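The values are calculated or read from the model by the stated rules, or taken from the named source; none is laboratory data. Fair warning: this is a prediction, and the values are worked out from it, not measured in the lab. All Cβ positions, glycine included, derive from the backbone under ideal geometry; neighbour counts span all protein chains shown.
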Amino acid sequence: MEQLTENVYVETKIRGCDPGIVFTSEGAVFIDTAQWITTLLEMRRFALERGPIQYLINTEGHIDHIFGNHWFAGECDIIGHEKILNGFWKIPPSFNMTTYDYSVDVIRRQDPDGLGKMPPEAEYKIGFPNILFSDRLSLRVGRHDFKLFYTPGHSDANISVYVPQERTVFVGDTVFSGCQIWFHSINFDDLFRSLDFLGTLEVDHIVPGHGPVVDKSYLFEQKAFLHEWLQAVGYAMSKGWTKEECVERISFAGRCPVDIGQDECMDYIQTYNVMACYDYLSAKQGGRFET
């Protein structure tokens with residue numbers, strides 16, 4: 001794990017999201033969970049050596065953020081946005097497998113030492129959040145404040161966790177640092193507003209959903225990349241390209257890699273990103289570009 005501050009640790013070099021731990025005088029607060037069981041259990045052991053686990057906070061309901069909730073269920077309160085349950089423990093239908101089977105496949109291929117720790121499906125506890133909020137939620141744990149903000153855009157349940165004493169904010173998939181962005185559940189207008197809001201926080205460290213930790217300057221780079229996607233598809237639409245032609249001809253695959261362990265998803269990302277941009281721009285034009 002990478003130590004960001006005296007009390008904040010994050011893991012950015014595994015498949016899935018960037019899970020983190022904030023240590024307080026009363027115990028640990030986890031933000032998201034590792035998708036590899038060996039890393040997840042190592043993080044838990046590291047935390048429990050210093051005290052109890054007080055909370056787990058899920059920044060959204062996508063599988064790479066909540067896979068490990070099983071190992072926290074019944075141990076501590078789990079917190080998420082009120083909309084998180086809508087897509088919790090679900091994967092896109094195009095994956096053609098159950099969420100459990102998908103998770104086992106990931107572990108078998110990428111974390112084989114953890115396979116024996118994966119419980120049978122009948123014993124797997126999904127670990128739904130039991131504390132939900134709508135706009136903002138504040139927690140005081142020991143001498144630390146945790147300010148939870150609703151920051152939708154990547155998904156309709158995305159939240160950010162601001163820890164002012166550590167000048168750190170965990171933003172989930174609002175930011176993809178140095179790797180491909182996923183648009184499969186995006187709302188562009190919400191995402192731009194959330195990025196603008198994050199720019200108002202007094203922080204030194206932004207922990208993204210994927211990729212290396214960044215500072216506030218990266219927010220401009222993230223917005224610029226979003227605009228590049230929209231500009232590329234918008235220009236194609238102005239030339240009369242259909243959605244299918246846009247999918248066939250537009251790609252940012254050469255810009256940056258997919259996050260660790262997800263190379264096979266590159267074509268999926270490019271396809272659905274183009275489709276999301278096309279649908280968004282078409283709707284902005286009253287549907288006149290629809291095919």
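Brief remarks on what is shown
- At least 2 residues being over 19 Å from Asp18 (Cα atoms) and touching a Ser or Thr at 6+ places or on another chain (Cβ under 7 Å) is the threshold, and among the strands (runs of 3 or more DSSP E) wholly inside region 83-167 those reaching it are 144-150.
- Number of positions in region 28-45 that are assigned to a strand (DSSP E or B) and on the phi > 0 side of the Ramachandran plot: 0
- Some residue of region 272-281 being closer than 20 Å to Pro152 by Cβ and part of a loop (DSSP other than H, G, I, E, B): no
- Restricting region 192-217 to residues that are of a type outside the set (A, V, I, L, M) and buried (at least 20 other Cβ atoms within 10 Å of the Cβ), the residue that is farthest from Gln285 (Cα to Cα): Gly211
- Hits in region 78-111 - residues which are among the small types (Gly, Ala, Ser), farther than 28 Å from Ser138 by Cα and either modelled with pLDDT of 95 or more or surrounded by 13 or more Cβ atoms within 10 Å (Cβ to Cβ) (or both): Ser103
- Yes/no for Met118 being modelled with pLDDT under 95 and aliphatic (A, V, I, L, M): no
- Boolean, Tyr150 is of a type in the set (Ser, Thr, Tyr), in contact (Cβ under 8 Å) with a residue 12 or more places away in the chain and closer than 30 Å to Thr271 by Cα: yes
Here is a yes/no grid of residues against (1) under 21 Å from Val161 (Cβ atoms); (2) of a type in the set (D, E, K, R); (3) in contact with a strand residue (DSSP E or B) (Cβ under 6 Å, 6 or more places away or on another chain):
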residue	(1), (2), (3)
Val22	yes, no, yes
Asp32	yes, yes, no
Met43	yes, no, no
Gly74	no, no, no
Arg109	no, yes, no
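- Subset of region 99-130 [under 29 Å from Glu82 (Cα atoms) and without any contact (Cβ under 8 Å) to a residue 12 or more places away in the chain]: Asp101, Pro120, Ala122, Glu123
- If you go through region 40-77 and keep only what is surrounded by fewer than 23 Cβ atoms within 10 Å (Cβ to Cβ) and of a type in the set (Val, Ile, Thr), you end up with Ile53, Ile63.
- Matching residues, region 243-276, being over 20 Å from Pro212 (Cβ atoms), under 20 Å from the mean Cα position of the chain (by Cα) and of a type in the set (S, T, N, Q): Gln270, Thr271, Asn273
- One residue stands out among those in region 232-268 that are among the basic types (Lys, Arg) and in a helix (DSSP H, G or I): the one that is farthest from Arg109 (Cα to Cα), which is Lys243.
- Reported count of residues in region 13-27, each being surrounded by 14 or more Cβ atoms within 10 Å (Cβ to Cβ) and either outside any strand (DSSP E or B) or touching a His at 6+ places or on another chain (Cβ under 9 Å) (or both), is 10.
- The set of residues from region 217-256 being in contact (Cβ under 8 Å) with a residue 24 or more places away in the chain, polar (S, T, N, Q) and more than 21 Å from Thr174 (Cα to Cα) comprises just one member, Thr242.
- Some residue of region 176-189 being under 17 Å from His65 (Cβ atoms), in contact with a Leu (Cβ under 7 Å, 6 or more places away or on another chain) and either not assigned by TED's automatic domain parsing to the domain that holds Leu85 or not in a helix (DSSP H, G or I) (or both): no
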